[in-house]
1. Mind checking whether some residue in the stretch 60-81 is open to solvent by 30 Å² or more (accessible area, probe 1.4 Å), closer than 30 Å to ALA175 by Cβ and within 15 Å of the chain's Cα centre (by Cα)?
2. Only one of these is part of a helix (DSSP H, G or I), open to solvent by 70 Å² or more (accessible area, probe 1.4 Å) and at pLDDT 95 or above: ARG249, ARG234. Name it.
3. Could you list, in sequence order, all residues of the stretch 205-223 that are among the aliphatic types (A, V, I, L, M), over 19 Å from the mean Cα position of the chain (by Cα) and either open to solvent by 80 Å² or more (accessible area, probe 1.4 Å) or within 24 Å of PRO287 (Cα to Cα) (or both)?
4. Let me confirm something: among ILE182, ILE176, ILE171, ILE115, which residue is among the β-branched types (Val, Ile, Thr) and outside any helix (DSSP H, G or I)?
5. In this structure, does PRO202 turn out to be open to solvent by 10 Å² or more (accessible area, probe 1.4 Å), part of a helix (DSSP H, G or I) and without any contact (Cβ under 8 Å) to a residue 24 or more places away in the chain?
6. Does SER112 count as among the polar types (S, T, N, Q), open to solvent by less than 10 Å² (accessible area, probe 1.4 Å) and either more than 16 Å from the chain's Cα centre (by Cα) or under 20 Å from LEU40 (Cβ atoms) (or both)?
7. Here is a list of conditions, (1) modelled with pLDDT of 95 or more; (2) not in a helix (DSSP H, G or I); (3) not aliphatic (A, V, I, L, M), and GLY150 meets all of them except one; can you say which number that is?
8. Among the residues of the stretch 84-105, what is the count of those that are open to solvent by 20 Å² or more (accessible area, probe 1.4 Å) and closer than 15 Å to ASN136 by Cβ?
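The values are calculated or read from the model by the stated rules, or taken from the named source; none is laboratory data. Everything numeric in this text was worked out from a predicted model, so none of it was measured. Virtual Cβ from ideal backbone geometry, glycine too; neighbours counted across all protein chains shown. Only protein heavy atoms, including side chains, enter the accessible area calculation; ligands, DNA and RNA are left aside. Shrake-Rupley method; radii C 1.70, N 1.55, O 1.52, S 1.80 Å.
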Amino acid sequence: MNQSPTSLKTWMTLGRVSNLPTVWTNSLAAALLASSAGALAPPSSLVWILLLVTLSLLYLAGMLLNDLLDADWDQQHDNPRPITLGLVSRQQVRIATLLLLALAGASALVLSQLIEQPHWLLGSVVLLVGCILGYNVLHKKYVHSVWLMGACRSALYLTAAASLAVPPEPIWLCAILLGVYISSLTYLASQEHRNQLISRLPLLLMLSPLALAIYADTLWFWPVLALWLGWLGRHYWLHLANPQRLKVRAFIGAGLAALPLFDALVMAVANQPLGSLFCVLVFFLLPHFQRWIKPT
């Protein structure tokens, strides 16, 4: 009777499901921004469902592939992930990854039949899959491949926007800012197993979302910005400011938990206060999820 819950938690740990809500808030923000910028109706319920299913499946496939390709490295460096701990076999993870990719492809094809400009959607999905594969293959070989991880989130934004039409200009800016934020966080994550902070440049690049303030014309934007800066500032002080008490992994978890606040800022710029409020609520819940399932 105890085998099933343990097995489920193992798969949830492999898939980093505590971060999965950030995929949903990214999708919500991008689609609503595209809707607002293009004066279009938001996606229909069926389009929403298929979009979230497609992006969630690709996210989970990317996480499983990451553990699968890193298994030898994890074993050599005593990195306690499910495969190296013997909680799941490589063959099981390989089959699950292929199944997730196949289901994501099928979902994307069905979704493309429901929208007016499917080539943009399919193109962005192909870009997203390419970035996922490229990052997982290269990230242990080339440190600057972290930009491919950022490109994954940028492509996710573009895919969500493409579920409506050609991604409008504001989406491209937000996608780039999100990509820079994620790439910077991934630079820090590349040293988390050593608990080292080699450079503070990634911390400065993590402030890229401040550029959204140029387009802010709603009062709601500013308290969300203050919350985001306060959250990152507090965790920098707790985990990185003192070289004698470095906790790089804890800061990375905090940085991932702040992702819904980026989406809240985007929706504040798009004058979507209810969507922005929803993202803030997700932000408050994420740290609780991270205590149950490790985010990295």
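1. Yes, some residue in the stretch 60-81 is open to solvent by 30 Å² or more (accessible area, probe 1.4 Å), closer than 30 Å to ALA175 by Cβ and within 15 Å of the chain's Cα centre (by Cα).
2. On the way: ARG249 fails: at pLDDT 95 or above.
None of the other options fit; the residue is ARG234.
3. ILE214, LEU219
4. After applying the criteria, what remains is ILE115.
5. yes
6. Details: among the polar types (S, T, N, Q): yes; open to solvent by less than 10 Å² (accessible area, probe 1.4 Å): yes; either more than 16 Å from the chain's Cα centre (by Cα) or under 20 Å from LEU40 (Cβ atoms) (or both): yes.
Answer is yes for this residue.
7. (2)
8. Residues flagged as open to solvent by 20 Å² or more (accessible area, probe 1.4 Å) and closer than 15 Å to ASN136 by Cβ within the stretch 84-105 amount to 6.
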